[in-house]
Amino acid sequence: MDVANAPAPKWTQWANSNRLIEIIDVSLRGCAQVMFQNNPLTGVLFFAAIFVGAYSEGIPAVAWGCVLGTVVATLAGAHLKDRASWKAGLYGYNGCLVGAALPTFLHVSPILWLCILLGSVVSVIVMICIADILKTWKVAALTAPFVLVTWTLLLASYAFGGLHNSALPSPNLPHDLIAYNNDLFDGIHLFDGLLNGISEVFLISSLIASALFIAGLAVSSLWAAVFAVCGSLLAVLTATVLQAEHANINNGMYAFSAVLTAIALGSTFNKPSWRVLIYTLIGVIFTVFVQGALNTLLTPVGIPTLTMPFVLASWLFLVPNKDVMPAHRQ
Amino acid sequence: MDVANAPAPKWTQWANSNRLIEIIDVSLRGCAQVMFQNNPLTGVLFFAAIFVGAYSEGIPAVAWGCVLGTVVATLAGAHLKDRASWKAGLYGYNGCLVGAALPTFLHVSPILWLCILLGSVVSVIVMICIADILKTWKVAALTAPFVLVTWTLLLASYAFGGLHNSALPSPNLPHDLIAYNNDLFDGIHLFDGLLNGISEVFLISSLIASALFIAGLAVSSLWAAVFAVCGSLLAVLTATVLQAEHANINNGMYAFSAVLTAIALGSTFNKPSWRVLIYTLIGVIFTVFVQGALNTLLTPVGIPTLTMPFVLASWLFLVPNKDVMPAHRQ
Amino acid sequence: MDVANAPAPKWTQWANSNRLIEIIDVSLRGCAQVMFQNNPLTGVLFFAAIFVGAYSEGIPAVAWGCVLGTVVATLAGAHLKDRASWKAGLYGYNGCLVGAALPTFLHVSPILWLCILLGSVVSVIVMICIADILKTWKVAALTAPFVLVTWTLLLASYAFGGLHNSALPSPNLPHDLIAYNNDLFDGIHLFDGLLNGISEVFLISSLIASALFIAGLAVSSLWAAVFAVCGSLLAVLTATVLQAEHANINNGMYAFSAVLTAIALGSTFNKPSWRVLIYTLIGVIFTVFVQGALNTLLTPVGIPTLTMPFVLASWLFLVPNKDVMPAHRQ
């Protein structure tokens, strides 16, 4: 979605002449596109962050799932007509996230690896489907293919003995959260919440990983890094004022969708300006409400929101973009 | 949505020359557009009804929320390119309803007023978004922006200690209602059900308010008033035959969406005729089923249907309008 | 959706000259269109299957509901402009399924018959609505009108004492299914599952009925019959490997949507080829996951998935059809 930031021309030449290097290049870009960057170096830093985070959390399958998902989705999209999008990694990022999400919530088993395979291939089909539908209104598919495919597989895991859930929230009826009496910021770790908010985009909770993700953004677009950090901070503050559950705020659960909304509205689909800044601010705050709403809505069926709050809020703010903004990139 | 009924030309002149009067004029039209009328006098009568109803029910915040929501949404839409729609109040009515709904279901607090503010601004963005999507099929957004924004905030209130619910239905699993053995009309107050059905469009249960709402409709369009009253009666009768819960029928809970369907299908988007009458009749009866269905569907997540049954049924009947009707207004 | 397979030309002449015969002809084609066939003889065999199945299961109302629904929907569509679709039975098949589904899940009563009447008429309106929306992306409405209308009525039955449910699943929170320790195929009746999967398209569980349905497909399109049988087998195998509940596999509950996906992707909207075969294979396997997912998703509201897994999976695979397939029919 970003115009290609120039990597070493030598690498580009190499990628164009060697099929294997091309697949690696496009897979790296696919990983980077999870945060809207079309840059193989960003992909390297992101994969480094994923491996650091997944191994430090003791779930290596998350990292290997990411690799498998990205490569399979990239291969599945290799014969499509829309070659430019493929080269930019736009058919790979959903597979990357499918591969991260499934081992996070489901028990690792041979069937799970087959599900990552199937999910990555289907994510490409869903990508084409949603992109085709949304081009009527000039809006991108964002991470909707990832969310829809992963929701399908997670919901299905309840019906299938062969797919055992390991970390899904137990299905329940929503309860009204009681207000705290003490100081709003008691028990809130702003810095942790902010950083976890960034790594949780890849379903990882790790401060070192977050630093690597920010570095990955910065090598491709400084604005993207700035919006990611500020978006995360704003989301944590909003959730704190609204008195969301402390553990969720500190884990970055109210910030990861907001991070993506901030990058998307602030730097990917608009050029930074005062008007864009205010629009992004409202979008980020509203994303926090959508996060709370989806948390409630999904409680009875026991699945996580994934990045759907970002997808819904950003679609909502991107469709009217041309009516609200004086000028914008398409 | 209605061609402007002529108010005193003096008022129009005044509104065109004075910025403050213009905002008041457009806000009044915004309130009137909740029932599809583009008429400031209707807006005056509607606001009178809202204040009478809200104060008699002991929830003044509902009335002041309506005022705040309408004015904020009107101001937020003031700089949009689509000036004609703005002047007709089409960016104001969703804010009006957001302002009525939030204090009805949530505890009144400073954060609630901020939510009304945010919700009204976002209702304008959702309005542009939905209108933009639906213009592909020449259908209006109806009150969908209001419902989606309010659902988001109400669902989020379960996750946020700072937003305390005061009157939301408790989340539960649906139970099958047992049939009554006695006479169908035992315990049904037709007249109350009919009138409450009209005032419940604004989430108010008051007979005097209903009379004022009907008067407000009549000064703008006699047909609209007739369809509102007959639609409400038909809905109450349908719900009675289907043996819905008596309290809900008498409170107008099965009629308020049907009232809007009746006005929309019968007088706003079609010219009254025999064919239109039959189509509207089927639409109103089906709206009662959609109302029952959404009541069940939302039971596990503890939020009200708001006017979604009207929105869904009317979209359903309006898209095929051109294929079914010999001639119609667009 | 199929080019008319030639029935006896005499019958066609007769149908063109006599209004009553025409209604019978179009109703028969309507029934056949449930499985995408435009052939009155297929309709005769399908109706025979329905009567055999419904009477052998002791629910004759299902068969008569089918007849009523098909005829009412056919009559309701008789005056529409899109005469070619009407003649092919495309306004009848949703009414046919509404008439089969309502008596399957709800207590038979005079109000139920009125609901079949209303549901069949509304199914035509939903058909026009969805077809109109989806033609933007050149995709058919499939059985979505049936599912949406029936879901509405079934959900509403919880709210209405006059509509008593007889066989709806009790609303509940989803539970994770435990894996079996023994052999995967222990307790699985492949042959029953395969055949029931075909008759369950019409909500009927009967081996003789299945044989008649396959015969009905074969007289119109041998490929359709082949894809139906192979699709059902593949779905039963997939559900077995994933360790779904045995009773559901043997009853064909994991196969009926897959049967329709197989016919649609393999023979109706594509010409059979190796590429189509692989695409259909992935589509059928994914339909089984969507079936499991929707089972979980609908558990808290106590309604069955009906053919929605087929509708969702097929839309998903049909929108990208032109980007994936070298050449295809429209």
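Collect the residues in segment A:238-253 that are touching a helix residue (DSSP H, G or I) at 6+ places or on another chain (Cβ under 8 Å) and at the interface with another protein chain (Cβ under 9 Å from one of its Cβ atoms), keeping them in residue-number order.
Passing the criteria: A:ALA239, A:VAL241, A:LEU242, A:ALA244, A:GLU245, A:ASN248.
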I'd like the residue in segment B:134-167 that is touching a residue at least 40 places away in the same chain (Cβ under 8 Å) and among the polar types (S, T, N, Q) and, out of all such residues, is farthest from A:ALA244 (Cα to Cα). B:THR143
Any residue at all in segment A:101-108 that is under 29 Å from C:ASN321 (Cβ atoms) and touching a helix residue (DSSP H, G or I) at 6+ places or on another chain (Cβ under 8 Å)? yes
Residue that is farthest from the other protein chains (Cβ to nearest Cβ), among those in segment A:155-188 that are part of a helix (DSSP H, G or I) and within 26 Å of the chain's Cα centre (by Cα): A:SER157
C:SER166 fails exactly one of (1) surrounded by fewer than 18 Cβ atoms within 10 Å (Cβ to Cβ); (2) closer than 26 Å to C:GLY89 by Cβ; (3) of a type outside the set (Asp, Glu), namely (2)
Residues C:LEU277, C:LEU312: which one is more than 8 Å from chain A (Cβ to nearest Cβ) and under 30 Å from C:ALA156 (Cβ atoms)? C:LEU312
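So which residues in segment B:208-244 are among the hydroxyl-bearing types (Ser, Thr, Tyr) and within 16 Å of B:SER267 (Cα to Cα), if there are any at all?
Hits for segment B:208-244 are B:SER220, B:SER221, B:SER232.
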For the condition surrounded by fewer than 20 Cβ atoms within 10 Å (Cβ to Cβ) and either outside the structural domain of C:CYS129 (by TED's automatic domain parsing) or over 25 Å from C:SER205 (Cα atoms) (or both), what is the one hit in C:TRP11, C:TRP86? C:TRP11
Report, by residue number, each residue of segment C:288-303 that is part of a helix (DSSP H, G or I) and either more than 7 Å from chain A (Cβ to nearest Cβ) or of a type in the set (S, T, N, Q) (or both). C:VAL288, C:GLN291, C:LEU294, C:ASN295, C:THR296, C:LEU298, C:THR299, C:VAL301
Can you tell me which condition B:VAL139 does not meet? The list is (1) away from chain A (no Cβ under 14 Å); (2) under 20 Å from B:SER120 (Cα atoms), and all the others hold. (2)
Qualifying residue in segment A:89-108 (condition: assigned to a helix (DSSP H, G or I) and in contact with a strand residue (DSSP E or B) (Cβ under 8 Å, 6 or more places away or on another chain)): yes
Filter result for B:SER120 (assigned by TED's automatic domain parsing to the domain that holds B:LEU233, surrounded by 20 or more Cβ atoms within 10 Å (Cβ to Cβ), part of a helix (DSSP H, G or I) and of a type outside the set (Phe, Trp, Tyr)): no
Provide a single number: the residues in segment A:165-219 that are touching a Ser or Thr at 6+ places or on another chain (Cβ under 8 Å) and small (Gly, Ala, Ser). 9
Among the residues of segment C:89-114, what is the count of those that are more than 8 Å from chain B (Cβ to nearest Cβ), farther than 8 Å from C:GLY69 by Cβ and of a type in the set (A, V, I, L, M, F, W, C)? 9
Listing of helices (runs of 4 or more DSSP H) fully contained in segment B:192-274 that carry 1 or more residues being outside the structural domain of B:SER56 (by TED's automatic domain parsing), within 17 Å of the chain's Cα centre (by Cα) and free of Cβ contacts under 8 Å to residues at least 24 places away in the same chain: B:207-220, B:222-241
Filter segment C:73-87 for residues that are more than 16 Å from C:ILE116 (Cβ to Cβ) and in a helix (DSSP H, G or I); the one that is farthest from the other protein chains (Cβ to nearest Cβ) is C:LYS87
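Okay, residues lined up against (1) under 24 Å from B:LEU112 (Cα atoms); (2) more than 15 Å from the chain's Cα centre (by Cα):
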position: B:TRP11; (1), (2): no, yes
position: B:TRP14; (1), (2): no, yes
position: B:GLY30; (1), (2): yes, no
position: B:ASN38; (1), (2): no, no
position: B:GLY53; (1), (2): yes, yes
position: B:GLY58; (1), (2): yes, yes
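The values are calculated or read from the model by the stated rules, or taken from the named source; none is laboratory data. Bear in mind that the values here come from a model prediction, so they are computed numbers and not experimental data. In this analysis, Cβ positions are derived from the backbone assuming ideal geometry, glycine residues included, and neighbour counts consider all displayed protein chains.
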